[in-house]
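Take a look at the structure below.
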Amino acid sequence: MKFSKLTIAILFALLLGIAVGLFCPDFAVRTHVLAEVFLRMVKMIIAPLLFATLVVGIAGHGDAKSLGRLGVKTIIYFEVVTTLALVIGLGFANLFRPGHGMESIAAQHIGLTEITNMASYTHPTSFGQMLLSLFPTSVVQSMAEGNLLQIVVFSLFFAVAICAVGKKAQPVLDLLNSVSNIMFKFTEYVMWFAPMGIFGAIAYTVGTNGWEILINYGKIILSLYTALAVFVLLVLFVVCKIVHISFRGLLKAIGEPALLTFTTASSEAALPKAMAIMENFGVPKSIVGFVMPTGYTFNLDGSTLYLAMAVLFSTQLVGINLTIEQQLVIMFALMLTSKGVAGVPRASLIVLAGTLTSFNIPILGVAILLGIDQILDMGRTTVNLIGNCVATVVIARWENCFDYNKMGAFLKMKNIKTNTYGKIKSEVSFEEDFSK
């Protein structure tokens with residue numbers, strides 16, 4: 001399976017940046033402008049991209065009542081699992097403290113992120129302040145300042161209003177759909193500059209701090225992949241056990257699209273193949289067609305977990321110690337800001353920059369993480385895919401329409417050995433499973 005051209009370019013830029021930083025440090029420290037240019041380009045697309053994609057994603061389903069029972073169950077499951085991902089992300093960020101001990105690095109990067117006074121940065125200290133900060137006095141000002149939370153709230157109200165107006169609002173929805181498509185293409189163009197930005201970020205960081213920074217990068221990567229593994233085992237595996245599905249069999253079944261997602265750090269190429277596999281696995285086509293696309297808007301488990309860790313890393317990096325209440329406030333914010341940008345290249349990078357800006361936290365963490373974002377993206381995107389495949393099975397089981405015989409035949413055809421499906425009685429309901 002081949003890497004995409006952009007993936008190859010990014011990995012090459014990463015290795016080249018490390019080499020330049022180690023062997024040509026004097027030149028490397030002057031490459032920070034490349035990272036700064038790319039970060040500004042990322043911030044440039046945040047507001048229009050988020051507004052258009054959120055409104056289209058919500059209003060595009062039509063009248064909320066038409067979603068019915070299936071939609072309600074799907075959203076409930078998504079929010080529960082996303083919350084668990086956030087909790088695990090925050091827990092491992094507090095356990096590993098990947099940003100701890102890097103304060104000296106932060107001081108050396110002041111020029112890169114335009115930080116002049118760390119003490120001048122403030123953030124909501126209570127849920128009340130957080131609630132007040134959600135509502136903009138001017139959406140234009142919110143977009144100019146890159147305040148993601150206020151843009152999200154405005155987008156939610158705007159989308160609901162479009163649904164309420166109905167057909168008369170269709171021209172506006174069509175316009176925003178066009179804007180969304182344009183911004184996707186715009187973002188694609190911006191992301192072609194990612195190798196340049198990654199080269200500048202990693203070269204500057206290594207050139208300034210020496211090879212020791214690679215140890216810190218290793219700590220960040222280890223922290224994320226450990227947290228992702230724990231999430232898969234404690235949440236996705238347990239959920240499959242509850243609904244009597246072989247998790248091992250499911251993983252082997254979706255092995256090809258999962259490998260494609262991991263190697264390219266993109267779920268788009270693997271989505272059609274994954275949907276076809278889930279239909280053959282026993283999930284009705286109608287549920288696959290609704291849950292999978294919706295999941296890539298509301299159920300980005302890996303990306304959400306990463307964002308929780310990345311935000312705390314960014315605060316630890318600049319010496320900001322958050323209380324539990326403040327971390328819960330940020331968790332609530334991430335539940336909102338992580339929606340709507342699925343399928344966008346480097347979506348987590350965009351959301352992270354916007355979330356930090358919303359809380360007046362320096363975006364230095366984005367600059368540091370930029371250098372290894374490709375490696376981090378590979379893991380979190382793969383978990384996104386696995387999580388949405390599990391979601392289709394759960395919803396089908398909840399609707400009591402999962403075909404265990406079809407699953408058994410599919411696993412047998414693929415020579416995947418499992419003794420789970422032979423023990424299932426299809427008449428047992430989802431509610432009975434959970435009551436046990």
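Here, each number is a calculation from the coordinates, and none is a lab measurement. Values in this document were obtained by computation on a predicted structure and should not be read as measured data. Don't worry about glycine lacking a Cβ; one is built from the backbone with ideal geometry, like all the others, and counts go over all protein chains shown.
Compute the distance in nm between two label points, each set 7 Å from the Cα along the Cα-to-Cβ direction, one at Lys285 and one at Ala229.
4.0
Round to the nearest 0.05 the FRET efficiency obtained for Lys167 and Lys406 when R0 = 56 Å and r is the Cβ-Cβ distance.
E(calc), rounded to 0.05, equals 0.90.
Going by how many other Cβ atoms sit within 10 Å of their own, how do Arg397, Arg69 line up, fewest first?
With the sparsest Cβ surroundings first, the list reads Arg69, Arg397.
Place a +1 charge on the Cβ of each Lys and Arg in region 146-251 and a -1 charge on the Cβ of each Asp and Glu, then give the dipole magnitude about the Cα centre in debye, rounded to the nearest 20. Present the calculation step by step, with values, prior to reporting the outcome.
On the way: 6 positive and 3 negative charges, 75 e Å.
Around 360 debye, computed over region 146-251.
Looking at the square roots a ≥ b ≥ c of the eigenvalues of the Cα gyration tensor of region 185-254, which shape do they give, rounded for a/c under 1.5, prolate if a/b is larger than b/c, or oblate?
Details: a/c = 4.45, a/b = 1.84, b/c = 2.42.
Since a/c reaches 1.5 but b/c is at least a/b, the shape of region 185-254 is classed as oblate.
Students often get this wrong, so check it: of Lys43/Lys73; Lys73/Lys412; Lys185/Lys273; Lys241/Lys414; Lys252/Lys285, which have C-alpha atoms separated by over 25 Å?
Too far apart for the 25 Å limit: Lys43/Lys73; Lys73/Lys412.
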